[in-house]
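As structure tokens, the structure follows; a few thoughts come after it.
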């Protein structure tokens, strides 16, 4: 649990540093990945943020070896509170009352998940059949890329209000959800007794290749989205989607059973429902300024 909370600190810090660095860079475009990479790799602040995110992934390896997937995701969602605080302090982003109420539900959700844990009573899954992993992951990756393209198309339409980042967050969240399943798969194959055999087995599995794909596309897509939208909204949506995706499909894919005790089962499910409520409560677009009366009078019929 401490490793999961530490990963939250790393993730929140990394996203905020990257967002701050992107604010000082020219506009980036996911359709021009080479230019995007050239710009961000030239920013020391962005490199510090990406290092923090990479360290967060490393902490995930420890978490998935000791906690069930569903319980780990419930703790990961708690990082949204820290992310909003850092965004307010370091980026000057203001959240709406509706967003603050939604994010406030994260704390009881975290408490419910923590109370549902019992050492030695929860099953930590091992490996999963490669065909099942690909059946779950490949359609999710395709959907994430498609949703991102739709969000980009809408953001460039001058007739629409400025996007809040929900569409971007859902798309990137699906990619990070697949990445999280790949991290879980890697953690299940790590072995100190036979490192050479573990590496050989890992290379025969789909996990390293899923990580490469989600790492490359997630990097390009998340940077363009972060530059256009508030981190205090896009990252919570991305995290919520990723956590729900991993908790539900990861539990089924890796064969982890939910608690048999009715009280612990209720607590864990209630925490998940609260996380869903957070996503649904997020506004779909930022409020656009209303035209003045004079502007309305000058508008032709």
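General remarks:
- Residue list for segment 8-38, restricted to those being surrounded by 18 or more Cβ atoms within 10 Å (Cβ to Cβ) and without any contact (Cβ under 8 Å) to a residue 40 or more places away in the chain: 17, 21
- Flag if residue 49 is under 30 Å from residue 101 (Cβ atoms) and free of Cβ contacts under 8 Å to residues at least 40 places away in the same chain: yes
- Here 90, 110 are screened, and the one residue that is modelled with pLDDT of 75 or more and within 20 Å of residue 9 (Cβ to Cβ) is 90.
- Residue 65 in contact (Cβ under 8 Å) with a residue 60 or more places away in the chain, more than 25 Å from residue 230 (Cβ to Cβ), over 16 Å from the mean Cα position of the chain (by Cα) and in a helix (DSSP H, G or I): yes
- Meets criteria (in a helix (DSSP H, G or I) and under 30 Å from residue 74 (Cβ atoms)) for residue 35: no
- Taking the criterion of being within 16 Å of the chain's Cα centre (by Cα) and either in a helix (DSSP H, G or I) or under 22 Å from residue 128 (Cβ atoms) (or both), the residues of segment 72-86 that qualify are 72, 73, 74, 75, 76, 79, 80, 81, 82, 83, 84.
The values are calculated or read from the model by the stated rules, or taken from the named source; none is laboratory data. Everything numeric in this text was worked out from a predicted model, so none of it was measured. All Cβ positions, even for glycine, are placed from backbone atoms using ideal geometry, and neighbour counts span all protein chains on display.
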